[in-house]
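See below for the structure under consideration.
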């Protein structure tokens, strides 16, 4: 098993450190070890800016999983457990810098030229498409390894619509570029739940949660996103870079072109 180097920031009890470390170690025994010899586990008492309770990053060349204890303690136990497992799985599937510095797919390059999109805007769209592909892969692997109950809890947590999202859509819908960006972000957020929709027992319930997540946007956009996640995502395979290219293509053709060509 890969070595997990633990660093802490703030006042954190040893019991919490042991629990987080134990969850990751147990996860690696089931899903497989990261490709590198060691990973960094950073446990932080309080989050200054980060919205989420656990993150993964490998842009510096090695997997770094960060857990924010103040945010972690705000969520139900199963959600916390699933979130940590998700970041551990990212370190297995996407634990090197090549997954964070992605070459811009041809479909997005075409859209940049056709609609005169700024590089920063295109980067934002690529980030959403890339995260959508990677989150889908993470849930798929965890689901295949029988981590079902907690992934369902996690998906429901992510899909819970917020008042902030509704307000953000009202603001974004006034501008084509902002509207497109919001829709791409929704696809990113929903992606972790999509593999669960194939389950015979809980699939329909997850689809209902996805529908509630999309309820604040107009019906034509709901249909376009549903087409992407239910038809387009069914074509995703095991190659992350090909998956990112495909999700980007779907976002460009069904969202960007539809909105910006008018």
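Return a yes/no flag: does the range 7-16 have any residue that is within 21 Å of residue 141 (Cβ to Cβ), in the same structural domain as residue 90 (by TED's automatic domain parsing) and in contact with a helix residue (DSSP H, G or I) (Cβ under 8 Å, 6 or more places away or on another chain). Break it down into steps so the answer makes sense when it comes.
Within the range 7-16, the subset within 21 Å of residue 141 (Cβ to Cβ) is none.
No, because not a single residue in the range 7-16 is within 21 Å of residue 141 (Cβ to Cβ), in the same structural domain as residue 90 (by TED's automatic domain parsing) and in contact with a helix residue (DSSP H, G or I) (Cβ under 8 Å, 6 or more places away or on another chain).
Against the definition (modelled with pLDDT under 95 and either under 18 Å from residue 60 (Cα atoms) or surrounded by fewer than 23 Cβ atoms within 10 Å (Cβ to Cβ) (or both)), how does residue 97 come out, yes or no?
In short, yes.
Please determine whether any residue of the range 77-86 is surrounded by fewer than 18 Cβ atoms within 10 Å (Cβ to Cβ), within 20 Å of the chain's Cα centre (by Cα) and assigned by TED's automatic domain parsing to the domain that holds residue 32.
Narrowing the range 77-86 to residues surrounded by fewer than 18 Cβ atoms within 10 Å (Cβ to Cβ): 77-78.
Subset that is within 20 Å of the chain's Cα centre (by Cα): 77-78.
Among the residues that remain, those that are also assigned by TED's automatic domain parsing to the domain that holds residue 32 are: 77-78.
There is at least one residue in the range 77-86 that is surrounded by fewer than 18 Cβ atoms within 10 Å (Cβ to Cβ), within 20 Å of the chain's Cα centre (by Cα) and assigned by TED's automatic domain parsing to the domain that holds residue 32.
Considering 92, 30, 44, which residue is surrounded by fewer than 19 Cβ atoms within 10 Å (Cβ to Cβ) and either out of contact with any strand residue (DSSP E or B) (no Cβ under 9 Å at 6 or more places or on another chain) or outside the structural domain of residue 124 (by TED's automatic domain parsing) (or both)? It would help to see each step written out before you state the result.
Values: 92 fails: surrounded by fewer than 19 Cβ atoms within 10 Å (Cβ to Cβ); 44 fails: surrounded by fewer than 19 Cβ atoms within 10 Å (Cβ to Cβ).
Only one candidate passes the filter, namely 30.
Would a scan of the range 92-100 turn up a residue that is within 16 Å of the chain's Cα centre (by Cα) and farther than 24 Å from residue 79 by Cα?
yes
Find the helices (runs of 4 or more DSSP H) located wholly in the range 1-97 whose residues include 1 or more that are farther than 27 Å from residue 144 by Cα and free of Cβ contacts under 8 Å to residues at least 60 places away in the same chain, and list them. Write out each step before concluding.
Values: elements: 14-31, 69-72, 77-93.
Hits in the range 1-97: 14-31, 69-72.
The values are calculated or read from the model by the stated rules, or taken from the named source; none is laboratory data. Because the structure is a prediction, the values reported are computed rather than measured. Heads up, the Cβs are rebuilt from the backbone with ideal geometry, glycines too, and the neighbour counts pull from every protein chain shown.
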